[in-house]
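Q: After the structure tokens below, expect a handful of questions from me.
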Amino acid sequence: GAALAPELAARVARRQATFGASSVLFYKEPIEMVRAEGVFMYDAHGKRYLDVYNNVPSVGHSHPAVAEAVARQIAVLNIHTRYLTKPAEAYAEKLLSKFPAPLSNLTMTCTGSESNDLAMRIAEAATGKRGFVVTRAAYHGNTHHVTAISPSSMKSKPVPDFVRVIPEPDPALAPGGDVAAFFAGNLQAAIDDLEEKGIGFAAVIVDTIFSSDGIFADPPGFLQAAVEVAHKAGGLFIADEVQPGFGRTGGGLWGFSRHGIVPDIVTMGKPMGNGFPMAGVVTRPDLLSLFCEETGYFNTFGGNPVAAAAGSAVLDVIEREGLIDNARDVGAYFKAGLSTIMGNRRDIGAVRGAGLFIGLDFIDADGRPDQGLATFVINAMKERGILIGAAGLWGSTLKIRPPLCFAKDNADFFVDTLRAILAER
Ligand code: PMP
């Protein structure tokens, strides 16, 4: 592509000099963001972008109710969790009222990674085993232990001996399209192998909408067979709700609800505080007690009153603004619009998802995943004021995941722009 303008090139070089190799920026020509509101973000030149990427500011960027709750609480009291505080206790009760029995204990953390790390430790303590099963393009976070169960993070490092990876629940891979049997069968084989090698099976952990695997939500209920397999083997089922949680799938607050299952452990993060760093683990009291007998748990910032205020405001906004219904309705409308583009083209292999989480596969003339086309579209969309990302094993699936206050006219703008970009190609 064209070289960066000298001023921008200098800016990028300066950033590289400080943050180094871990500094990864989006886009060939990076964007400097200065503010955001609702579904829009604004760059340093005042250009407006429709955000179709970001599930963190899930109730809308800079939502006034969340901003006000955080500001009010931080001006009064912000301490760790070893004192009684009303905001933390009220939030825990409010959040736990949204979970099915027997999921009645909440441990608060600051990131999804910490939550999954804790979930792994709880599963190890409960089972006395150390083996985990995950999907092959899974991402569950960045701690040492959680990186081990995140194959999508493994560039040149092999997946460690206590981890087994199984294919994503893609109907195109499942014999006869039976996703439930395919997924549960692969899980069973992975468990058998862990047992045979003397490692043992502690838990299977899945993102219940399989975000980094390419977004797989259907058919509803397909995870039931996997839960049965895990339990029969004496292990746990951990639902990572960092991506689908808090209403995104348009059918209740949690992705696991779509499958009619009750996980043993649920982890959450990202949208929980609408950008305020907060995350958590919900599990059964018996499992948490077993773990706490071994090592206990303390998290300095997790569950502080400001986090609780942010989280509480998020739950209120979801309810007050009817965001779950909006995710369902606008999501269905959006998916239908994307499917009309697919009807006329050979380079789109599938459109799928639930609520406001939709995946769109790009394929080449031979029907193979086309990462080049996905990258081209992502950059062309940016030029036209739309932010979007990719997912899947081959990076060829558009990951369509806007804030939940997304409106039908936002969906129209996206569909019209994508259609034009593909037509002009
Ligand atoms: N689980 C899933 C499914 C995620 O997508 C992510 C973040 N992308 C995490 C866990 C880790 O969360 P965090 O970045 O807050 O540590």
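Q: Rounded to whole Hz and in sequence order, give me ³J(HN,Hα) for region 80-86 from the Karplus expression 6.51 cos²θ - 1.76 cosθ + 1.60, θ = phi - 60°, writing x for Gly and Pro.
A: Once rounded to whole Hz, the list reads 6, 9, 8, 10, 5, 9, 5.
Q: Mind listing P(r) for region 51-94? All alpha-carbon pairs, 5 Å bins, whole percents.
A: Once binned at 5 Å, the Cα pair distances of region 51-94 give 5, 17, 19, 21, 19, 11, 6, 2, 0.
Q: Let me ask another. Quick check: convex hull of the Cα atoms in region 1-101, volume per residue, rounded to a whole Å³?
A: Hull volume over Cα atoms, normalised by residue count, gives 219 Å³.
Q: Okay, moving on. Pick from GLY131, GLY20, GLY337 the residue whose mean-square fluctuation is largest in a GNM of the chain, springs joining Cα atoms under 10 Å.
A: Comparing GLY131, GLY20, GLY337 in a Gaussian network model of the chain, the most mobile one is GLY20.
Q: Order the peptides 165-172, 10-17, 189-196 from the highest to the lowest mean number of other Cβ atoms within 10 Å of their residues.
A: Top of the packing list down: 165-172, 189-196, 10-17.
Q: Which of HIS140, HIS63 comes first, and how do the rest follow, when ranked by fewest Cβ neighbours within 10 Å? Each step should come with its number before you reach the end.
A: On the way: HIS140 32, HIS63 23.
Lowest to highest Cβ neighbour count: HIS63, HIS140.
Q: Now a separate question. Restricting to DSSP H runs of at least four residues, report the calculated mean residue ellipticity at 222 nm for the chain, -39500 (n - 2.57) per run over all residues, nearest 500 deg cm²/dmol.
A: Per the formula, -12000 deg cm²/dmol.
Q: Does region 205-321 come out rounded, prolate or oblate, given a ≥ b ≥ c as the square roots of the eigenvalues of its C-alpha gyration tensor, rounded meaning a/c under 1.5 and, failing that, prolate meaning a/b above b/c?
A: Oblate shape, in that a/c is at least 1.5 and b/c is the bigger or equal ratio.
Q: In the neighborhood of PHE132, defined by Cβ-to-Cβ distances under 10 Å, what is the net charge if each Lys or Arg adds +1 and each Asp or Glu adds -1?
A: Once all neighbours under 10 Å are counted, the net charge is +2.
Q: Please report the equivalent ellipsoid semi-axes of the chain, computed as sqrt(5 x eigenvalue) of the Cα gyration tensor, largest first, in whole Å.
A: Sorted largest first and rounded, they come to 33, 28, 21 Å.
Q: Same structure again: Tell me which residues come under 5 Å, amide H to amide H, from ILE348 once H is placed; ignore anything under 5 positions away on its chain.
A: ILE363
Q: What is the fewest-to-most order of SER115, SER153, SER312, SER62 by other Cβ atoms lying within 10 Å of their Cβ?
A: On the way: SER115 31, SER153 17, SER312 22, SER62 14.
With the sparsest Cβ surroundings first, the list reads SER62, SER153, SER312, SER115.
Q: Averaged over all directions, how much area does the convex hull of the C-alpha atoms of region 352-425 cover when projected, in nm²?
A: 5.0
Q: Would you mind calculating the relative contact order of the chain from Cα pairs under 8 angstrom and at least 6 residues apart, reporting the percent as a whole number?
A: 21
Q: Let me ask something else. Within a 10 angstrom radius of the beta carbon, how do SER339, SER212 rank from fewest other beta carbons to most?
A: Ranking SER339, SER212 by Cβ neighbours within 10 Å, fewest first, gives SER339, SER212.
Q: Right, another one. For a quick check: with amide H placed at 1.01 Å from N, whose amide H comes under 5 Å from ASN274's, ignoring anything fewer than 5 positions away on the same chain?
A: So ASN274 has HN proximity to SER58.
Q: Can you compute 3J(HN,Hα) from phi for each residue in region 376-386, using the Karplus curve 6.51 cos²θ - 1.76 cosθ + 1.60 with θ = phi - 60°, rounded to whole Hz and x for Gly and Pro?
A: 4, 5, 4, 6, 5, 5, 4, 4, 9, x, 10
The numbers here are math on the coordinates, done by the rules we state, and not lab data. Keep in mind that what you see is a predicted model, and the values were worked out from it rather than measured. When we count neighbours, we look across all protein chains shown, and the Cβ atoms used for this are built from the backbone with ideal geometry, even at glycine.
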